[in-house]
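The values are calculated or read from the model by the stated rules, or taken from the named source; none is laboratory data. Just so it is clear, the model here is predicted, and its values are computed rather than measured. Glycine gets a Cβ as well: all are built from the backbone with ideal geometry, and neighbour counts include every protein chain shown.
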Amino acid sequence: MTELFYIKTFGCQMNKHDSDSMSQILINQGYRQTESIKDAHIILVNTCAVREKAEEKALSLIGRLSHLRTKKPNLITGVIGCVAQERGVNLLKHFPYLDLILGPRNIYQIDKLLSQIKKERERISSLDLACELTSFPKCNGYFKGRVTSFLKIMEGCDNFCTYCIVPFVRGRETSLPAEKIIDEAKHLVSQGIKEITLIGQNVNSYNVRDKALPTFPGLLNELDSISGLERLRFTTSHPKNLSDELIDLFAGSKSLCAHMHLPVQSGSNNILKLMSRGYTRDKYIDLIERLRKTRPGITITSDMIVGFPGETEKDFEDSLRLIDEIGFDNLFSFKYSERPGIKALELPGKIGENEKQRRLSILQERQRGITLSKNRLLEGTIQEILVEGPAKRGDNQLTGRTRGDKVVNFPSANNLKGRLVMVRIVKGFQNSLLAELVDG
Ligand code: SAH
Ligand code: SF4
Ligand code: F3S
């Protein structure tokens, strides 16, 4: 009998990529993936620990596995990813029905550990942060039906921003060899992928410690020449490591899309310092000016935290002024969330929940207006769209993204999935654009 596995993925693009890697490993070993948790023989929960809420969501799903296990005593359940790393074997104590705890650096052992659990019915944890990054035989056909994919180029983070748990749960920064990345990109293109997003916590510091190896711009240049790869994106960039060489690539690269996600976190120099971010407000503004000069029309998105310890009303207003001044196309904003082990735990001036919520609401309201006006500015322009498939709403509409990463829906009765088409933007909304196909 073929065994069915189910994976639930929380968190960022790194976790999505990790879940895809585990699925491919398991499919290669003869397992089959199911979308139905009830039918599964193996349930894996890939978790995120970045904020308390994310962690609570994962823990609540893990709690609900108890009754499935009672119904099916042979069910195997595993917790993977950042909460697994953070809580470790305590999870085994807390949830007596869990069989496997697997840290983000250890995901490539998934098939071996499952075999061991099945054979010996023992409970296993694998949490070695120094574990070598390995590759695995790819699974032909896995990406069928998709036109975009992530490709991991680095793991871990050495920045230790004072609010962030990621360096503790993903370990030290490690770059994958360029040849492996290029091989994987070629494989993805052979599987029908047209757009690749390179991912890492801080892609600008790719190979930064070894001068003999290609830098991040060098890697982008090599990937740019892969035929059939229409679009290249990357995330995340850290402002302190954004080089002139990388900015210049936006002027010349064929496949590189005109979008930069550059998390700023705060508009106040005091807070940026307390966060250990390594740049000032002015330095950030200067980077954006240079990007816009090099590639007019480039889309800029960012992340912002409100209510960091010690954030005064004036600091918060500095953040509001910054979003007005820059005019981000989109902003992901969060209330500061206390995490185990982070340096900010020791900082004075903690902000109450109500005040954090008040600041978040004001900031988000302000940004909504900016996003809408940016989207409206695109009305009447011609844009290239990579068609991803039918739009969510249906109505004979297709959906895709501009090179600037804006979601566009347009009516068409044809199957254009995977095709690059030109459209005219008819209307800009809050979260998407409506367009019509341009003939020819
Ligand atoms: N490596 C990326 C992403 C880190 S996590 C980067 O450096 O930008 C994604 C976002 O979560 C961060 O940019 C930050 O805005 C937010 N974040 C991280 N830790 C947080 C915390 N403790 N509370 C609230 N938001 C947090
Ligand atoms: Fe976290 Fe900072 Fe590393 Fe990003 S750069 S993962 S915010 S420590
Ligand atoms: Fe969450 Fe881990 Fe990503 S903490 S944001 S899943 S690196």
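Going by the structure shown, is I27 more than 21 Å from the chain's Cα centre (by Cα), assigned to a helix (DSSP H, G or I), closer than 18 Å to L113 by Cβ and not assigned by TED's automatic domain parsing to the domain that holds L151? The answer is yes for I27.
For region 291-333, filtered to residues that are basic (K, R) and in contact (Cβ under 8 Å) with a residue 24 or more places away in the chain, the residue that is surrounded by the most Cβ atoms within 10 Å (Cβ to Cβ) is R295.
Examine region 244-267 for a residue that is of a type in the set (G, A, S), under 22 Å from F334 (Cβ atoms), within 16 Å of ligand 1 (Cβ to nearest atom) and in contact (Cβ under 8 Å) with a residue 40 or more places away in the chain, and state whether such a residue exists. Give the derivation first.
Narrowing region 244-267 to residues of a type in the set (G, A, S): 251-253, 255, 258, 266-267.
Now drop any that are not under 22 Å from F334 (Cβ atoms), which leaves 266-267.
Then drop every residue that is not within 16 Å of ligand 1 (Cβ to nearest atom), which leaves 266-267.
With in contact (Cβ under 8 Å) with a residue 40 or more places away in the chain added as a condition, the list becomes 266-267.
Yes: one or more hits.
Could you tell me whether R368 is under 16 Å from L320 (Cβ atoms) and either touching a residue at least 60 places away in the same chain (Cβ under 8 Å) or in contact with a Lys or Arg (Cβ under 6 Å, 6 or more places away or on another chain) (or both)?
Criteria met by R368.
Residue pairs whose Cβ atoms lie under 6 Å apart, sitting 6 or more positions apart in sequence or on different chains, and linking a residue in region 156-173 that is on the phi > 0 side of the Ramachandran plot and part of a loop (DSSP other than H, G, I, E, B) to a partner that is within 9 Å of ligand 3 (Cβ to nearest atom) and at pLDDT 95 or above, are G156/R170.
Of all residues in region 62-114, those being under 21 Å from the mean Cα position of the chain (by Cα) and hydrophobic (A, V, I, L, M, F, W, C) number 7.
Just need a number here: residues in region 144-164 that are away from ligand 3 (no atom under 16 Å from the Cβ), more than 14 Å from the chain's Cα centre (by Cα) and at pLDDT 95 or above. Matching residues across region 144-164 total 2.
F334 - would you say it is within 13 Å of ligand 1 (Cβ to nearest atom), within 22 Å of V203 (Cβ to Cβ) and outside the structural domain of V83 (by TED's automatic domain parsing)? Give the steps one after another, and end with the answer.
Working: within 13 Å of ligand 1 (Cβ to nearest atom): yes; within 22 Å of V203 (Cβ to Cβ): yes; outside the structural domain of V83 (by TED's automatic domain parsing): yes.
Considered against the rule, which asks whether it is within 13 Å of ligand 1 (Cβ to nearest atom), within 22 Å of V203 (Cβ to Cβ) and outside the structural domain of V83 (by TED's automatic domain parsing), F334 comes out as yes.
Take residues that are polar (S, T, N, Q) and under 30 Å from L347 (Cβ atoms) and tell me which of the helices (runs of 4 or more DSSP H) falling wholly in region 199-314 contain 1 or more.
By residue number, 269-274.
Note on region 398-433: residues that are surrounded by fewer than 17 Cβ atoms within 10 Å (Cβ to Cβ) and not in a loop (DSSP other than H, G, I, E, B) amount to 6. Considering region 175-194, and only residues there that are of a type in the set (K, R) and surrounded by fewer than 18 Cβ atoms within 10 Å (Cβ to Cβ), the residue that is nearest to M154 (Cα to Cα) turns out to be K180.
If the condition is being away from ligand 2 (no atom under 16 Å from the Cβ) and part of a helix (DSSP H, G or I), then region 320-344 contributes L320, R321, L322, I323, D324, E325, I326.
Filtering region 17-52 to residues that are away from ligand 3 (no atom under 16 Å from the Cβ) and of a type in the set (A, V, I, L, M, F, W, C) leaves I25, L26, I27, I37, A40, I42, I43. For region 159-174, which residues satisfy the criterion of being near ligand 1 (Cβ under 9 Å from one of its atoms) and within 16 Å of C82 (Cα to Cα)? Listed by number, the residues that qualify are Y163, C164, I165, V166.
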